[in-house]
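This report concerns only the one structure given below.
The values are calculated or read from the model by the stated rules, or taken from the named source; none is laboratory data. Model, not experiment: these values are computed from the prediction. Positions of Cβ are backbone-derived with ideal geometry, glycine not excepted, and every protein chain shown enters the neighbour counts. The accessibility values were calculated without ligands, DNA or RNA, using every heavy atom of the protein model including side chains. Shrake-Rupley method; radii C 1.70, N 1.55, O 1.52, S 1.80 Å.
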Amino acid sequence: MRDSYLSTTKDVYKEAALNPEKGLCCTTTPIWQLPDLTIPGKMLEMNYGCGSTVNPRDLVNNPSILYVGVGGGMEVLEFAYFSRREGGVIGIDPVTEMINACKENLVEAESSNSWFKSEFVDLREGDALSLPIEDETIDVAAQNCLFNIFHDEELETAIKEMYRVLKPRGRLVLSDPVCEQLMPENLKNDEQLRALCLSGAIPLNEYLKRLTSIGFGTIEVRAKRPYRLLDPKHYDTNELIFIESVEICAIKDPMPEDGACVFTGKTAIYYGENELFDDNKGHILLQNQPLAICDKTAGDLASLVRDDIFISESTFFYDGGGCC
Ligand SMILES: C[S@@+](CC[C@H](N)C(=O)[O-])C[C@H]1O[C@@H](n2cnc3c(N)ncnc32)[C@H](O)[C@@H]1O
């Protein structure tokens, strides 16, 4: 089975490289608007991602960047916008036609972006399941709308590969569909739907557990948006299945003794009589000031059963700050 769905996936993306299909994957995520960045029309048509993995916060100090599953190259170009040096971004894809389309689009991008040279991107044929990259050489590794296609075993291999090539403290930034409902087996095993990023989605918590079990000590859930519906009129399902897409940053921090710090957008606010509340574990809550906290800290604070600490629900929109 393994080879069969993986090769169906490659066939789907060979076709998507030769005949760009607008609306394959993609969500309402806005396209980056940055000074002097012009995305060629063909790249926009080939935007097969389901969110964004490019965030300036990850791209300080001239990081080495790896992008797995290049598509038409839009995000590769966006990453190159920040690195601007030869080979600053390595792009990997196993589909020759996709590599060629990406290469052509990058050449096209040179004419509309005076700051850009194709040599900024080192495109290589290769596979997410066996990355042609040395251990611990990458600062930022990205994948957008690829890992959801993989069944359990390959998903584990793909995440382990990203972990292997990242330097300590390096970041895996990803965007992928997730689904809180149980995906029916017939859809899960439909190779075409899987390849189209429609039926491989797993629940968010399961995805997060996979990342932490491989060793990522800090996780940020940065965004969650509606993605697709599988409805009984168009798909072989009895119920409506709602799929969302998430943006996650998994940091190769050492694993804390009491488990990973997973930020899902929870905030604590102390509203007692004192100036502050100190939990003596590194969290100081100033009176009536919000503090971003990880889910572990939220659980610890809730277990104190105090009537002067408010803990918000997860917003799934975490953009830094707080302490852990
Ligand atoms: C849904 S598209 C996403 C493309 C791009 N990330 C984007 O956001 O537009 C999936 C990409 O992964 C590539 N791909 C398919 N199988 C792969 C594998 N086993 N390893 C790495 N990339 C793969 C496809 O050729 C395609 O470029």
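The apolar share of the surface of segment 267-318, taken as the fraction of accessible area on carbon and sulfur atoms (1.4 Å probe, ligands and nucleic acids excluded), comes to 51 percent. Relative to the dominant Cα principal axis of the chain, helix 74-83 is inclined by about 60°. Within the straight-line cut-off of under 30 Å between alpha carbons, the lysines reachable from residue 160 are 10, 14, 103, 188, 209, 224, 252, 266, 296, sequence neighbours fewer than 8 places apart in one chain being disregarded. If you sort the three axes of the alpha carbon gyration tensor as a ≥ b ≥ c, you get a/c of 1.5 or more for segment 91-141 and a/b no higher than b/c, which makes it oblate.
To the nearest 20 debye, what charge dipole does segment 35-134 have about its Cα centre, counting +1 at the Cβ of each Lys and Arg and -1 at the Cβ of each Asp and Glu? Please list the in-between numbers first.
Numbers: 7 positive and 16 negative charges, 53 e Å.
My answer is approximately 260 debye.
Shape class of segment 167-324 from the Cα gyration tensor (axes a ≥ b ≥ c, square roots of the eigenvalues): prolate, since a/c reaches 1.5 or more and a/b is larger than b/c. Across the accessible surface of segment 7-139, with the other protein chains kept in place and a 1.4 Å probe, carbon and sulfur atoms take up 47 percent.
Here the Karplus relation 6.51 cos²θ - 1.76 cosθ + 1.60, evaluated at θ = phi - 60°, turns the backbone of segment 117-126 into coupling constants of 10, 4, 5, 5, 10, 9, 8, 9, 6, x Hz, with x for every Gly and Pro.
Accessible surface of segment 140-210, 1.4 Å probe: 51 percent of it comes from carbon and sulfur atoms. The relative contact order of segment 157-295, computed from alpha carbon pairs under 8 Å that lie at least 6 residues apart in sequence, is 25 percent.
Tell me the per residue accessible area of segment 125-269 using a 1.4 Å probe; a whole number in Å² is fine.
On the way: 5870 Å² over 145 residues.
Using a 1.4 Å probe on heavy atoms only, each residue of segment 125-269 averages 40 Å².
Converting phi to 3J(HN,Hα) with the Karplus coefficients 6.51, -1.76 and 1.60 and the offset θ = phi - 60°, segment 210-218 yields 5, 5, 6, 5, 8, x, 5, x, 10 Hz in sequence order, with x at every glycine or proline.
Against the main long axis of the alpha-carbon atoms of the chain, helix 152-165 sits at an angle near 80°. On C-alpha positions alone, give me the angle between the axis of helix 2-18 and the longest principal axis of the chain, in degrees, nearest 10. Once rounded, one gets 70 degrees. Can you give me the C-alpha center-to-center distance between segment 50-119 and segment 179-196, rounded to a whole angstrom? Cα centres, segment 50-119 to segment 179-196: 30 Å.
Considering only 201, 260, 291, and ranking their Cα positions along the charge dipole of segment 173-300 that arises from unit charges at the beta-carbon of Lys, Arg, Asp and Glu, the one farthest toward the positive end is 201. Treating r as the C-beta distance of residue 153 and residue 14 and R0 as 22 Å, the FRET efficiency rounds to 0.40. Computed on segment 250-324, with alpha-carbon pairs under 8 angstrom and 6+ residues apart, the relative contact order is 40 percent.
For the chain, the share of DSSP beta bridges that are antiparallel, to the nearest 5, is 55%. Taking every DSSP helix (H) stretch of at least 4 residues in the chain, weighting each as -39,500 (n - 2.57) and dividing the sum by the residue count yields a mean residue ellipticity at 222 nm of -8500 deg cm²/dmol.
Over the chain, what is the relative contact order in percent, taking alpha-carbon pairs closer than 8 angstrom and at least six residues apart?
Numbers: 694 pairs, mean separation 46.3, N = 324.
Reported relative contact order: 14 percent.
Seen through its C-alpha gyration tensor, with square-root eigenvalues sorted a ≥ b ≥ c, segment 21-128 comes out rounded because a/c lies under 1.5. The charge dipole of the chain, taken about its Cα centre with unit charges on the Cβ of Lys, Arg, Asp and Glu (plus for the first two, minus for the last two), comes to roughly 400 debye.
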